[in-house]
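Here the structure is laid out as structure tokens; the discussion comes afterwards.
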Amino acid sequence: MTVEQINAIRDAAGRWRTGPDVKGPKPDGQVRDIIEVLLGTALRIGECLALRVCDVADGPSGMTVSVKGTVVLRTGSGAVRQDHPKTEHSIRRIAVPDFAAAVLRERLAGIPTADPQRTIFANRAGKPLSPFNVRRTFRSFLESADLAGEGITLRWYRRTGATVIARGASADAAATFLGHGSTAITEGHYIEPDRSVDRGPAGILERTLRRVNPDTSLLSTDDRAGDDPALDFLDEEDIEAA
């Protein structure tokens, strides 16, 4: 996505169902916040929705999240948190850029329960949000932003993050951050200590994708010919998900 598209969707998400003529309950802002977290972490939508209170660590050096599960749709049960992500390599700990960390802090502060196993994004019953419902609301954002015909999906956030990290660091750094071929120890649900977390990708995402005064140079050119070979793993993921 271009920076202009990203910000147009941000603006639309902030306006969605907030006018004086809107009937029914006002939106709770969860999908608006989800797209900020996706932008800052390049998580799969199921991984984002599976994040629990206990998966977030916040300290003087910044925030990290541990990716240990995913949300899937099951017949008869709806959205269910699965206690393992897509692959072994998908189990990882990543640093979170400040703009996404601020969203997560606000969400955590508003959770009315001390249950560490509760997902950060949840429905009124405290259960995980449905990826289907998130995608439906996201399509409404696109319509409001006049981007409905551009073919943009939530997966674009993942590719945008990969592109920014690959251009700013390396394709290997992008693959590891996104959970492809990670060198982290992944036996069971063990995640390496914070000292092993590479904060470089989060810094690149922060500089490039923050709302205020971003450095858009990494997205200012259309270098798809150079990007595509480095990001082949994302195309393979798309095929697997089809």
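The values are calculated or read from the model by the stated rules, or taken from the named source; none is laboratory data. Owing to the predicted nature of the structure, the values given are computational and were not obtained by experimental measurement. To get the accessible areas, we keep the full protein, side chains included, count just its heavy atoms, and leave off ligands, DNA and RNA. Shrake-Rupley method; radii C 1.70, N 1.55, O 1.52, S 1.80 Å.
Structural remarks
- Unit Cα scatterers, Debye sum, the range 1-123: log10 I(q)/I(0) for q = 0.14, 0.20 Å⁻¹: -0.67, -1.23
- Gap separating the Cα centres of the range 143-167 and the range 99-124, nearest whole Å: 25
- Mean separation of Cα pairs under 8 Å and 6 or more residues apart, divided by the residue count, gives the chain a relative contact order of 24 percent.
- Scanning residues 5 or more positions from residue 123 or on other chains, those with amide H under 5 Å from its amide H are 129, with H placed 1.01 Å from N in the peptide plane.
- Probe 1.4 Å, accessible area per residue of the chain, Å²: 50
- Percent of Cα-Cα distances greater than 16 Å, calculated over the range 59-121: 59
- Rg and Dmax [Cα atoms of the chain; Å; Rg one decimal, Dmax integer]: 17.3, 53
- Here the range 1-57 was treated as a single set of alpha-carbon atoms; its pair distances binned every 10 Å from 0 give 19, 43, 29, 9, 0 percent.
- Per-residue HN-Hα couplings for the range 49-58 [Karplus 6.51, -1.76, 1.60; θ = phi - 60°; Hz; x = Gly/Pro]: 5, 8, 4, 10, 3, 6, 8, 10, 10, 10
- Helical runs (DSSP H, four residues minimum) scored at -39500 (n - 2.57) apiece and divided by the length of the chain put the mean residue ellipticity at 222 nm at -13000 deg cm²/dmol.
- Fully extending the segment from residue 212 to residue 130 would add 26.5 nm, taking 0.36 nm per residue of separation and subtracting the current Cα-Cα distance.
- Calculated over the range 73-186, the projected area of the Cα convex hull averaged across directions stands at 9.6 nm².
- Pairwise Lys count, the range 1-159 - Cα closer than 28 Å, eight or more residues apart or different chains: 5
- Normalising the Debye intensity of the range 87-153 to I(0), with uniform scatterers on Cα atoms only, and taking log10 at q = 0.21, 0.25 Å⁻¹ returns -1.13, -1.11.
- q = 0.14, 0.27, 0.30 Å⁻¹, the range 108-147: log10 I(q)/I(0) [Debye, one scatterer per Cα]: -0.44, -0.87, -0.97
- Order of exposure, largest accessible area first, which applies to 221, 64 with probe 1.4 Å: 221, 64
- Taking amide hydrogens as placed 1.01 Å from N in the peptide plane, the amide H of residue 84 sits under 5 Å from those of 70, each at least 5 positions away in sequence or on another chain.
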